[in-house]
Amino acid sequence: MNDTEKFLFDLQGFIVVREFLSPHEVKALNDAFDANWGERREDPIGDPSGNMAGLDKRGIFTGMLTWEQPHCQPFRDLLAHRKLLPYLDTLHGRGWKLDHEPFMITGPKGIEGLRIHGTTNVLFNGSRFYAYSNGQMRCGLLVVQYTLHDQNPGDGGLCVIPGSHKANFSCPPKITTWEEHQEVVYQVPLKAGDMVIFSENTLHGTLPWQADHARRALLYRYTPKYLHYDGGTYEVNQPAWVSELTAAQQAVLEPPYIYHHPLIEPDGETVVRPRRED
Ligand SMILES: O=C(O)CCC(=O)C(=O)O
């Protein structure tokens with residue numbers, strides 16, 4: 001993570017990494033979704049209040065890591081993507097893990113948005129925090145979003161309130177529903193292959209989708225090695241399919257603990273287990 005990226009993340013609570021995925025990687029992910037379109041469900045969780053309302057519920061895909069080969073492979077390849085390591089090492093510290101099952105948000109023109117949410121700095125929350133000390137940033141839950149189709153200005157989709165990871169006052173409800181002060185809400189323009197990484201502290205949400213093409217946003221969430229957020233998404237005894245993964249990918253699915261927690265070296269392949277906390 002270079003100095004500009006560190007400055008921008010600390011300032012804004014998110015950064016965009018352009019062309020993170022190659023066109024080949026984007027195609028493999030899109031092909032896998034196309035081949036498994038029957039897995040699409042309506043997302044029961046949506047909260048499209050106020051101006052976030054749309055014509056239809058947003059669609060969601062889960063379970064991609066266990067799809068049949070070759071369709072699961074591009075999703076498994078993202079678990080410990082070599083280009084991701086410097087971002088997670090810098091923002092979580094050495095040692096981190098997947099939290100939540102990866103999911104993809106989709107839907108055609110007119111699908112609903114999602115009320116702006118995020119922990120901010122109003123209360124200290126030990127799982128969703130942003131801290132800076134001794135030249136280091138540290139985050140609790142982080143969201144990594146891969147864009148599989150362009151999200152142009154005015155299209156809707158992912159929006160953030162830059163800098164809100166440090167906000168000390170609660171966000172007024174009508175700002176969370178995009179009914180007031182729309183000028184503080186930034187719709188993030190993205191091209192297919194771009195990656196956005198943001199802290200769960202940063203106020204973020206979804207503007208109703210306006211583009212003629214369907215939205216495709218793939219989300220992975222990570223936590224530091226000592227923390228787990230979403231119950232039911234890891235197992236102490238890993239299921240059989242995990243043995244098909246590389247050592248680095250398996251490391252990302254470990255439960256939360258500190259001593260001997262696997263650390264992925266910068267080559268993206270070597271995994272070490274320090275005897276004590278690194
Ligand atoms: O639409 C987005 O990119 C953000 C989605 C989100 O924050 C959520 O599903 O919790």
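Quick notes on this one:
- Set side by side, the residues GLY46, GLY38 differ, and just one is of a type outside the set (Ser, Thr, Tyr) and surrounded by fewer than 18 Cβ atoms within 10 Å (Cβ to Cβ), which is GLY38.
- Pairs meeting the criteria (first residue in region 136-161 and over 26 Å from ALA80 (Cβ atoms), second residue more than 11 Å from the ligand (Cβ to nearest atom) and not in a loop (DSSP other than H, G, I, E, B), beta carbons under 8 Å, at least 6 apart or on different chains) are CYS159/TYR186; ILE161/ILE175; ILE161/VAL184; ILE161/TYR186.
- All positions within region 125-177 that are on the phi > 0 side of the Ramachandran plot and surrounded by fewer than 21 Cβ atoms within 10 Å (Cβ to Cβ): ASN134, GLY135, GLY154, GLY163
- Just one of the numbered conditions (1) within 15 Å of the ligand (Cβ to nearest atom); (2) open to solvent by 60 Å² or more (accessible area, probe 1.4 Å) is not true of THR62: (2).
Residues are listed down the side, and each one gets a yes or a no for (1) away from the ligand (no atom under 16 Å from the Cβ); (2) at pLDDT below 95; (3) assigned to a helix (DSSP H, G or I); (4) over 28 Å from THR246 (Cβ atoms):
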| position | (1), (2), (3), (4) |
| --- | --- |
| PRO44 | no, yes, no, yes |
| ASP47 | no, yes, no, yes |
| ARG76 | yes, no, yes, no |
| LEU84 | yes, no, yes, no |
| LEU88 | yes, no, yes, no |
| GLU101 | no, yes, no, no |
| MET104 | no, no, no, no |
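- Flag for GLY156 being within 16 Å of the ligand (Cβ to nearest atom) and within 25 Å of ALA192 (Cβ to Cβ): yes
- The one condition in (1) more than 16 Å from the ligand (Cβ to nearest atom); (2) assigned to a loop (DSSP other than H, G, I, E, B) that PHE20 fails to fulfil: (1)
- Among the numbered conditions (1) out of contact with any Lys or Arg (no Cβ under 9 Å at 6 or more places or on another chain); (2) in contact (Cβ under 8 Å) with a residue 24 or more places away in the chain, the only one that PHE20 does not meet is (1).
- Scanning region 171-194 for residues being touching a residue at least 60 places away in the same chain (Cβ under 8 Å) and within 14 Å of the ligand (Cβ to nearest atom) gives a total of 6.
- Residue count for region 127-149 satisfying the condition of being out of contact with any Phe, Trp or Tyr (no Cβ under 6 Å at 6 or more places or on another chain) and within 14 Å of the ligand (Cβ to nearest atom): 6.
- Flag for LYS83 being open to solvent by 70 Å² or more (accessible area, probe 1.4 Å), within 17 Å of the chain's Cα centre (by Cα) and in contact (Cβ under 8 Å) with a residue 12 or more places away in the chain: yes
- Single residue of region 12-24 satisfying the filter (more than 11 Å from VAL196 (Cα to Cα) and in contact with a strand residue (DSSP E or B) (Cβ under 9 Å, 6 or more places away or on another chain)) that is most open to solvent (accessible area, probe 1.4 Å): GLN12
The values are calculated or read from the model by the stated rules, or taken from the named source; none is laboratory data. None of these values were measured; they are calculated from a predicted model. We place every Cβ from the backbone using ideal geometry, glycine too, and count neighbours over all the protein chains shown. We work out accessible area using only protein heavy atoms, side chains counted, and drop any ligands, DNA or RNA first. Shrake-Rupley method; radii C 1.70, N 1.55, O 1.52, S 1.80 Å.
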